[in-house]
1. Would you point out the residue of segment C:118-133, among those that are buried (at least 20 other Cβ atoms within 10 Å of the Cβ) and within 9 Å of ligand 2 (Cβ to nearest atom), that is nearest to the other protein chains (Cβ to nearest Cβ)?
2. Looking only at residues that are at the interface with chain A (Cβ under 9 Å from one of its Cβ atoms) and within 16 Å of ligand 2 (Cβ to nearest atom) in segment D:85-98, which one is most open to solvent (accessible area, probe 1.4 Å)?
3. How many of the residues in segment B:79-93 are open to solvent by 10 Å² or more (accessible area, probe 1.4 Å), in contact (Cβ under 8 Å) with a residue 40 or more places away in the chain and among the aliphatic types (A, V, I, L, M)?
4. Name every residue in segment A:45-65 that is open to solvent by 50 Å² or more (accessible area, probe 1.4 Å) and touching a helix residue (DSSP H, G or I) at 6+ places or on another chain (Cβ under 8 Å), in order of residue number.
5. Away from ligand 2 (no atom under 16 Å from the Cβ) and farther than 30 Å from residue D:65 by Cβ: is that true of residue D:149 in this structure?
6. Pairs please, first residue from segment B:58-78 and part of a helix (DSSP H, G or I), second anywhere and among the hydroxyl-bearing types (Ser, Thr, Tyr), Cβ atoms under 7 Å, 6+ apart in sequence or on different chains.
7. Just to verify a result, which residue in segment D:64-83, among those that are open to solvent by 40 Å² or more (accessible area, probe 1.4 Å) and not aliphatic (A, V, I, L, M), is nearest to ligand 3 (Cβ to nearest atom)?
8. When you scan segment E:69-98, how many residues do you find that are away from chain A (no Cβ under 11 Å) and not basic (Lys, Arg)?
Amino acid sequence: MSGAPRVPASLVGLVGFFAIWEVASRTDLVPGYYLRPPSVVLPTMVTLLGDPEFVRAVVATLAATLLALVIAVLIAVPAGLVLGSVPPVRRAVMTLVEFLRPIPSVALIPLALLTFGTGPDTKITLAVYGALWPILFNTMYALDEVDPLHVETARAFGTGRLGLLGRVALPSAAPFVLTGVRLSFAIALAVVISTELFAGGTTGLGQVVTVASGGGLNMDTVLAGTVLAGLIGYGANAGLELLHRKAFAWSQPKVDAE
Amino acid sequence: MNRVTRTAQRWVVFVVAVGLWELVTQLAKAAGAEKSFFFPPPSEIALTAKDLWFSSAFGDHIVPGISRMLGGWALAGVIGIALGILLGRSRRAMAYLGAVFNFLRSIPPPLLVPFFVAAVGPTNMQFPTIVFGAIWPVLLNTVDGARGVDATKVETARVFRLSRTQWTFGVVLPSALPKVFAGLRLSLSIALILMVISELIGSANGIGNQLVRAQRDYEPTAMWAWIVLLGVLGYLFNTLLLVLERRVLAWQPRHSLETQALATGG
Amino acid sequence: MNMLEVDGLGHTYKGKDGSHTAIDGLDFTVGAGELGCVVGPSGCGKSTLLRTIAGLIRPSRGTVSLHGNKVDGVPSDLAVVFQDYSRSLFPWLSVTRNVEFPLRSLSRTEREARAVEALAAVGLSTAGKKYPWQLSGGMQQRVAIARALAYRPSLLLMDEPFASVDAQTRFELEDLLLRIRREQDTTVLLVTHDIDESVYLGDRVLVLSKSPATVVAHLDVPLGPVRDQITTRASDDFVELRATVAGLLQRGPVTVR
Amino acid sequence: MNMLEVDGLGHTYKGKDGSHTAIDGLDFTVGAGELGCVVGPSGCGKSTLLRTIAGLIRPSRGTVSLHGNKVDGVPSDLAVVFQDYSRSLFPWLSVTRNVEFPLRSLSRTEREARAVEALAAVGLSTAGKKYPWQLSGGMQQRVAIARALAYRPSLLLMDEPFASVDAQTRFELEDLLLRIRREQDTTVLLVTHDIDESVYLGDRVLVLSKSPATVVAHLDVPLGPVRDQITTRASDDFVELRATVAGLLQRGPVTVR
Amino acid sequence: TLSGCGLLGGDDNTTSSGSTGSAGAVEKAKIKVGVLPVVDVAPFYRAIEQGYFRDQGLDVEPVVMASGAASINAVLSGDVDVAFSSYPAPLLAQSKKVAEFKIVADALAAKPGHIVVVAPPNSPLKKPTDAPGKKIAITARNTMTDLAPMSVLKTQGVDYTQVEWREMTFAEMIPAMERGEVDGAVVVEPWVTTAMKKIGAVPVFDGASGPTAEMPMSGYVAIGGTGKFATTSPNTIAAFQRGLAKAQAEATDRTKVEPMFVKYAKIDQQTAQLVTISTYSTSLEANRIQRVANLMQEFGVIKGNLDVASMIPSSTSNK
Ligand SMILES: Nc1ncnc2c1ncn2[C@@H]1O[C@H](COP(=O)(O)OP(=O)(O)OP(=O)(O)O)[C@@H](O)[C@H]1O
Ligand SMILES: Nc1ncnc2c1ncn2[C@@H]1O[C@H](COP(=O)(O)OP(=O)(O)OP(=O)(O)O)[C@@H](O)[C@H]1O
Ligand SMILES: [Mg+2]
Ligand SMILES: [Mg+2]
């Protein structure tokens, strides 16, 4: 989902979402004491953002997410290039990968707590584990779609294996890899917050939510945290899209079919 | 290359990994390492697994869990592809909906619980949670694929004034399919993961439910048996999906031996 | 009556780093059932011209009319053979399915019959089950031609359709095109780099200048509707005309180091 | 000495649904610094032949030797202009960067100088900053040629390199090729559909049969190293040779309905 | 490791003040305690705020965990020295020989109104005998939320095995009751008060009555065994006990714990005023906690005998 949505149009969608939510919680459709309306949640969020402790929690979550994402990219892109281009390695490794992939980070939290402790290591490790896959898979699939003639051209001009990977495979895979990174950001954020939520121990947005939901129906704070997570993801996505547009300025503008 | 070497290649790393795992955990156990209680050797896990999986738990927990997960994944796939094509090919749809979706998909599934609880209640929220979480890889990858239809092919389609169905199913979808499959494979494991997460709340049965119970009851072998089951299921469904993918994408040159050799520079 | 009328047509490609005027102020007409050939230097704007006529790009200036109606969007009953033929084939469809693809209004059997006929006409009877990437360049180009012919359009636009086939096949395809035009009364606009071909095929030859393309000449070709590779090409009229076209195309040499 | 020696070369494409023999038992040689032209019907296996020589596909039978060494893998010092030129350009690189792509071993300034020179030689001095999709078909083809020339290979393989350029530009590029071959002593193997071109350019002309390709004839072209578009093409030797080649290529008509 | 990075929410590595208390010098001046955002730990926070631990030469850092299980795992990994938890988790872990757990302090014993089975006003669940066949929400199986009501039902002769337990968080129980997805819920303060306030839930029966009256709910545990905190740091544990006991003793005074509810358990002011304040124990008595073990044994959670006395650190000065 990239492209240049005009500001008003993209706002229409978001405003619509909040409007539905507002109406739903103001009427009897859903329990309003539980799903607090955005007219309460958004001001709560603004107030919370004025609280340095809350801001510290948000920064901690964000920093852990970004760190996890960077580590995931550094592991998954080279791994994807190798797995995508060397079938024997791919065959050998993918069996294990397919066994590991569906194991939920949440299920690993107790073990991770035992192994890495309550510090940020746990959430970062688990987030890397979750964020690896979209980047890895998108890199591998993008390699399958590299135009064989590009490969032939480069090979004919004496480009070696590494050159092929770096100068042909990577650039043609890059846009799809970036889509994987956008997916991975959301996953890393989700895992970090979930770990904070299910394990606790470190400062973070998830812990704020745990604490708030522990003491009665503090749904304003819980939902403010939820909305903030959405906004963080939205902002990160916008940033990655900008990067996409900048990095892939070479690509032909897409013609509309209609 | 013959079948035997391929199969050997496919399993060698896996077997070595399991062997190492057995070795390390046995050594740790023998040495009386303090955390070895939580990391039983795979041979013990296998024994427990055999008892657990093929007991009444199969009908009580495994089948409901799997049906939830497969149903959720399939629905996520259909919605994701449909929305992805819409958003990928229509600037207007993207302008209006792109922001909402990017906002929604960034909310961690556990934080969405209040919305699902409010909408469908805590005991019914497993299925929507799976659908909601598994949709994004398919959606984003489909958008990417739909956008990437080659310009000359778009022009060809326009010149022959293809019907909307033909355009969607005959041109956009096939061009996007390789990327869609990447998304479907990602979604598959996410659906399994969310099956577990969603069964933590409000559910009376399911694999996740049993997994967490084993965790809480300090039965690490049982917990590992459920974790291994997730791995086995993931591997199984993924293999089936790959077979489907090979069939659907049979036209792709990458499946010809010749070009495969080329792509690897061999 | 004029099938195709191009009036003051101009197009400028707009890019981030400046714009590029490909064609400028083109005026010409092609009558119904006529075959017009377009020749001009490489990069002058021939493909751009075809794209505007096909309604694929909205011209910056001027108009295109078909049957007196201003073109706005892709006209119906149109087929195009793109210069980039290999990319215009759908790799997920077999050759036969590629040819059948636009024929959705027909019944299944009729569709198949048309595809078989068109593939036979371009000499690809045996390739129907293959996928495009299993074909040679020239074969792919012939599939694109077969697809356009099977569609039986009233207006056929062809962008260097015979560039990748051997001389012998080229002759046969040229004659095939002439016959079909005669039988189905198709109006054809064909871009070519081969001056002989433009005179051999065309009822009119449109000579364009180098970029941005303007009309240098619009020649009538008085060779009659039935032509023959040997006698026509040997005729005095033919030889004279090709010399005229060649002369019109002459321009300053490209800078060779 | 023979630069290129092809011996009993055959290739069969294997597919799920049967296999296809594209070339079979080819034998021929091209001397160092010679320019060999390959002509043959569409789909006969010319591109396959070039691919095996370039080491891009491993032949099913027979061998290719360069300088007496058996080819196994891509030989060094080789450049190829592919038939599908538009797909062989890298869309993420500007025209200049595309031309510079193979010149990794050179310094930056030298690379740039080579690219500027090669682009000028093919008449694209002003297009260096554009991306491939902003160019016309003929211009893209010339970029592919410029890339091969800038590399200064000792063996140059060209697959219908002038198919998409206009007649005038084609003449100029032909002469450019002849001059470069003379100056740099490049060995060239060039596939073409234009019989005149094969005789005008070649020191030898290799005529292939239709699929699976076998060698029909291997003709010497005694026209000397320096040729001229007007006088050479008018010479008796030239006219006779092209008639010979055309005769050799003649075969049963394609089935036209 | 990455935990040094303060931005990520790791340790701040502030050095402790290291003053010595009255008794023998503490072995470890700075300890970490895993806690949960619940009413049970209000005195603990008060002890920190009032400097009761500091007076004992201890620098105590609270680490807020998400669940008792997570807290136990944190103490197992050595990441925190002492973990607050509801009793069933450490007792179960002890019975499974996960590690040698030592109970260093008792936190809270239930008074009537602390753990209550509530139902929405129109629920078919009106009295204990209605329970069989009903769906009742609990936080998890094998916790106080199901053990306590089962015990009560059992003594009243009601077939507790026919109850359909549904696991969810306290926050979700309220909309679940309102939507009629469950017929009732077992809630613990402050959720008893919240449920009554928000949806007019009515108490069906008290979970801490009859056999479970004054049942100990939660405590603080550490790990014993060679080289472990509970073995190597008897003086530290004693100091911790003294500091905490002082605050626990003051907890009979509402005004001293209410602010802690608001500040650390994020209970709103209004609710905090209504919350039932249970007994904050000032002594550690094995025989009282043994009741929990017996309860767990009774319902098959723990197999065989578990002697809680063996879990009391030897250094503890039993009063
Ligand atoms: N999408 C585009 N954006 C910018 N410039 C373009 C674009 N397409 C074509 N051009 C420019 O417009 C001019 C005309 O292009 P066009 O493809 O119409 O030429 P042509 O006459 O078909 O050439 P050829 O015979 O080589 O195919 C060229 O200079 C080209 O660089
Ligand atoms: N990848 C492939 N798989 C299967 N068959 C192929 C493949 N590539 C080419 N062929 C077949 O091999 C034969 C020779 O193809 P090739 O491209 O070498 O022909 P060519 O002489 O270059 O033709 P043209 O002049 O039309 O370019 C053709 O019949 C084609 O169908
Ligand atoms: Mg063109
Ligand atoms: Mg070819």
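The values are calculated or read from the model by the stated rules, or taken from the named source; none is laboratory data. Source: prediction; values computed, not measured. Positions of Cβ are backbone-derived with ideal geometry, glycine not excepted, and every protein chain shown enters the neighbour counts. The accessibility values were calculated without ligands, DNA or RNA, using every heavy atom of the protein model including side chains. Shrake-Rupley method; radii C 1.70, N 1.55, O 1.52, S 1.80 Å.
1. C:131
2. Of all residues in segment D:85-98, those at the interface with chain A (Cβ under 9 Å from one of its Cβ atoms) come to D:87-94.
Cutting the leftovers down to within 16 Å of ligand 2 (Cβ to nearest atom) gives us D:87-88.
Numbers: D:87: 60, D:88: 1 Å².
My answer is D:87.
3. 4
4. Start the filter on segment A:45-65 by keeping residues that are open to solvent by 50 Å² or more (accessible area, probe 1.4 Å), which leaves A:46-47, A:49-53, A:55-56, A:59, A:62.
Hits for segment A:45-65 are A:49, A:55, A:59, A:62.
5. Numbers: away from ligand 2 (no atom under 16 Å from the Cβ): yes; farther than 30 Å from residue D:65 by Cβ: no.
No: the conditions fail for residue D:149.
6. Going by the 7 Å Cβ cut-off, the qualifying pairs are B:73/B:187; B:76/B:187; B:77/B:187.
7. To start, the set of residues in segment D:64-83 that are open to solvent by 40 Å² or more (accessible area, probe 1.4 Å) comprises D:67-70, D:72, D:74, D:76-77.
After this cut, where a residue has to be not aliphatic (A, V, I, L, M) as well, the list is D:67-70, D:72, D:76-77.
On the way: D:67: 40, D:68: 43, D:69: 41, D:70: 41, D:72: 39, D:76: 35, D:77: 33 Å.
Looking at the filtered set, the residue picked out is D:77.
8. Residues in segment E:69-98 being away from chain A (no Cβ under 11 Å) and not basic (Lys, Arg): 14 in total.
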